[in-house]
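The block underneath contains the structure these notes are about, expressed in structure tokens.
The values are calculated or read from the model by the stated rules, or taken from the named source; none is laboratory data. Keep in mind that this is a model prediction, so the values were computed, not measured. Positions of Cβ are generated from backbone atoms using ideal geometry, with glycine treated the same way; all protein chains shown enter the neighbour counts.
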């Protein structure tokens, strides 16, 4: 019989401007997140290949006592480029403009990775033991999996945003719809380390 599975989705902590990893503040964010996740019986910790995700996962793993494992499915990619007729007319120009620089080959690779990520990071656990799986990734994939949990149209990953080192947890219980347990939660962070990806007027 399948068991309940908690999938903990983490956007990487604040990145260094040169792409080499995290800022000092970002490392602090990752430490606080690791302390929070360390209170759970974690089963796995996957992370994307880019330095900002890899360093976040390393720090989280050290604090939470779990070994990080790299996964291309947790990388930074566009999961779905919608056609114009998929989008509400009043939003089409904005979102198609946002995605206009995505080359066709990159869009196809993103679709394939998103399909694999959906298979890996959704659904109840196999066997009879509850799982807690952590995925340290990027905003686009977190948004895609939130959209999947809500059974929203494929284009609706657009406009769902998550902050640095925030936690989004989706519970997959057999026989039930996925439950969005928490989203973009930053309660583990200090006030000065929250909303580091947003201008002051967007802090709430």
Go through 9, 22, 40 for me and flag whichever is buried (at least 18 other Cβ atoms within 10 Å of the Cβ), touching a residue at least 12 places away in the same chain (Cβ under 8 Å), in contact with a strand residue (DSSP E or B) (Cβ under 9 Å, 6 or more places away or on another chain) and closer than 17 Å to residue 135 by Cβ.
9
Going residue by residue through region 114-125, is there one that turns out to be buried (at least 18 other Cβ atoms within 10 Å of the Cβ) and either more than 14 Å from the chain's Cα centre (by Cα) or assigned to a strand (DSSP E or B) (or both)?
yes
Tally time: how many residues in region 165-194 are surrounded by 18 or more Cβ atoms within 10 Å (Cβ to Cβ) and out of contact with any strand residue (DSSP E or B) (no Cβ under 6 Å at 6 or more places or on another chain)?
6
What's the number of the condition residue 15 fails, among (1) over 28 Å from residue 97 (Cα atoms); (2) under 16 Å from the mean Cα position of the chain (by Cα); (3) crowded, with 16+ Cβ neighbours inside 10 Å?
(1)
For region 46-65, indicate whether the set of residues that are in contact with a helix residue (DSSP H, G or I) (Cβ under 6 Å, 6 or more places away or on another chain), under 24 Å from residue 199 (Cβ atoms) and at pLDDT 95 or above is non-empty.
yes
Within region 153-204, track down each residue that is touching a helix residue (DSSP H, G or I) at 6+ places or on another chain (Cβ under 7 Å), within 29 Å of residue 129 (Cα to Cα) and assigned to a loop (DSSP other than H, G, I, E, B).
165, 178, 188
Of these, 60, 66, 81, which one is surrounded by 16 or more Cβ atoms within 10 Å (Cβ to Cβ), touching a strand residue (DSSP E or B) at 6+ places or on another chain (Cβ under 8 Å) and assigned to a loop (DSSP other than H, G, I, E, B)?
66
Boolean, residue 117 is under 22 Å from residue 51 (Cβ atoms), modelled with pLDDT of 95 or more and out of contact with any strand residue (DSSP E or B) (no Cβ under 7 Å at 6 or more places or on another chain)
yes
Consider residue 199 against the criteria (1) modelled with pLDDT under 95; (2) under 21 Å from residue 48 (Cβ atoms): it satisfies all of them except one. Which criterion is unmet?
(2)
